[in-house]
Amino acid sequence: MSQAVQRILVLGAYGFFGSRICEALAKNPRIQLILAGRDLAKATATAYKIGLSANHARAVDSTSPQLAQQLRKLGVTTLIHAAGPFQDQGYEVARAAIKAGCHYFDLADGRTFVSGIARLDAEARAAGISIISGVSTLPALTSAVVDRYRGEFSRLDAIRIGITSGALIPGVATLRAVLGYCGKRFRTLENGAWIDVYGWLDTQQHDFSKSVGVRRISRCDVPDLELLPQRYPGVKSVSFHAGFASSAAHQLVERLAMLVKEKRLKSALPFARPLYTLGRWMRPMFSDRGAMFVKLEGLHENREPYSLTWKIVARENDGPNIPGAPAIALASKIAAGGKPPVGAMPCMGLLTVEDLMAPLKGSSIREYPPLGPGG
């Protein structure tokens, strides 16, 4: 008996990450793709761009009270929510998916949003569907890396994560998510105690690789700070820092963060669009290379101090393909006949590093596993 074709709707299909997901899924013959968003013209243009007809585009408003009814009418089996930012959203889209009886994945990177998705668990289980949040770099890829190497430690003490971008500027919505906690206080686990830190401060200089070089990275409020201590009991420190290809741009955001922290500026959000415009204009001046690391620290099997660092490097501005890889991998598994777990949960333990690297084949993105102790 042939495998049923999956009808997958991508909400935010013409956005910075959604368009990349659609381009990949359009090549899968087991998927009938629906490109959706408020602007039908943009959805249609994206469909044409990736080789599909206008019949694959639909006008869908994520805030509509009729969303569940529309999903049922379209026969959607899986909804991929890529219309951020998620920091200011509730779970209305996920609840609409539950009512429509279709699986739901999102690319959320909001700490509260992803950490709180389990509140929908009873509803999802009753409907027999899967509601998965954070199907993106964090925490899908980061937790997959930790899962891969956790067995090399007799005791895991610290998880340190860092990301630096290339020159390609994400959309205004993504910048708003980034600037939303700029200079704002949040908690992180350090040396066994929860401490207060501030967004885009506590800057470090990190040497990512020979091809990327030394970049500035600062504190960011992400789901991993909440979820990784829960997943790996006994871990005493979890940190996440991020930065930009441009040191000048990074220092500007640091300055905004300090003004917000000192209450001389209410919020950095009004600067999202100007920074986006400036970043696009100056893009040719910046490096096209981004990178990410996950560093684990603790004790080896022989009880000696041990650390290892996994890295990934993206050239030619291919870095933005990484956040979409988990959604592509998960959707592809379902299209191949896989069954996602019933219930509502963050995206941890559902995909391996190999699963997540598969959609990135053919790009400039390269994984660099640790070479040995301390590597």
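Between 213, 362, 84, the Gaussian network model of the chain with springs among Cα atoms under 10 angstrom shows the greatest mean-square fluctuation at 362. Under 5 Å from the amide H of residue 155 lie the amide H atoms of 299, each residue being 5 or more positions distant or on a separate chain, with H modelled from the backbone and absent for Pro and chain starts. Give me the percent relative contact order of the chain, please, defined on Cα pairs under 8 angstrom at least 6 residues apart. Result for the chain is 21 percent. Against the empirical curve 2.2 N^0.38 Å, the C-alpha radius of gyration of segment 177-230 lands at a ratio of 1.28.
With 13 Å as the cut-off, how large is the P(r) tail for segment 331-375, expressed as percent of Cα-Cα pairs? Can you show the working numbers first?
Details: 689 of 990 pairs.
Of all Cα-Cα pairs in segment 331-375, 70 percent lie more than 13 Å apart.
Placing a pseudo-label 7 Å from each Cα along the Cα-to-Cβ vector at residue 39 and residue 187 gives an inter-label distance of 4.0 nm. What a 1.4 Å probe finds exposed on segment 150-289 is 53% carbon and sulfur by accessible area, rounded to a whole percent. DSSP finds beta bridges in the chain, and of those with both partners inside it, around 50 percent are antiparallel.
I'd like the distance separating the alpha-carbon centroids of segment 80-119 and segment 220-279, in whole Å. If we compute the Cα centre of each part, the gap is 22 Å. A 25 angstrom limit on the alpha carbon distance is what I want to check against. Which of 99/361; 27/333; 49/361; 266/311; 333/361; 73/339 exceed it? Violating the 25 Å Cα-Cα cut-off are 99/361; 266/311.
Per residue, the accessible area of segment 52-146 comes to 37 Å², computed with a 1.4 Å probe over protein heavy atoms only.
Kirkwood hydrodynamic radius, segment 1-88, all distinct C-alpha pairs: what's the number in Å?
Every distinct Cα pair counted, the radius reaches 13.0 Å.
Select from 289, 231, 176 the residue whose mean-square fluctuation is largest in a Gaussian network model of the chain (Cα-Cα springs shorter than 10 Å). Answer for the Gaussian network model of the chain: 231.
With all pairs of different alpha carbon atoms counted, what Kirkwood hydrodynamic radius in Å does segment 38-140 show? Intermediate results must be reported in sequence, preceding the final value.
On the way: mean 1/r = 0.0695 Å⁻¹.
Kirkwood hydrodynamic radius for segment 38-140: 14.4 Å.
Each other residue within a Cβ distance under 14 Å of residue 78 adds +1 if Lys or Arg and -1 if Asp or Glu, for a net charge of +4.
Subtracting the Cα-Cα distance of residue 194 and residue 255 from 0.36 nm times their residue separation leaves 19.4 nm of extension gain.
Take the Cα of residue 367, step 7 Å toward its Cβ, do the same at residue 247, and the gap between the two points is 3.3 nm. Placing +1 on each Lys and Arg Cβ and -1 on each Asp and Glu Cβ, with no other charges, gives segment 88-216 a dipole about its Cα centre of roughly 100 debye. For residue 271, tell me the accessible area in Å² from a 1.4 Å probe, rounded to the nearest 10. Taking all protein chains as shown, residue 271 has close to 80 Å².
Accessible surface ranking for 219, 160, 1.4 angstrom probe, highest first: 160, 219.
Each 10 Å bin, from zero up to the one with the longest distance, holds this percent of the alpha carbon pairs of segment 248-369: 10, 25, 26, 29, 10, 1.
Residues whose amide H comes within less than 5 Å of that of residue 130, counting only those at least five positions distant or on another chain, are 103, 104, 343 (H built at 1.01 Å from N in the peptide plane). Quick one: putting +1 on the C-beta of Lys and Arg, -1 on the C-beta of Asp and Glu, what dipole do you get for the chain around its Cα centre, in Debye to the nearest 20? My answer is approximately 740 debye.
The values are calculated or read from the model by the stated rules, or taken from the named source; none is laboratory data. All figures in this text were calculated on a predicted structure; none of them were measured in a lab. Cβ atoms come from the backbone with ideal geometry, glycine included; neighbour counts cover every protein chain shown. We work out accessible area using only protein heavy atoms, side chains counted, and drop any ligands, DNA or RNA first. Shrake-Rupley method; radii C 1.70, N 1.55, O 1.52, S 1.80 Å.
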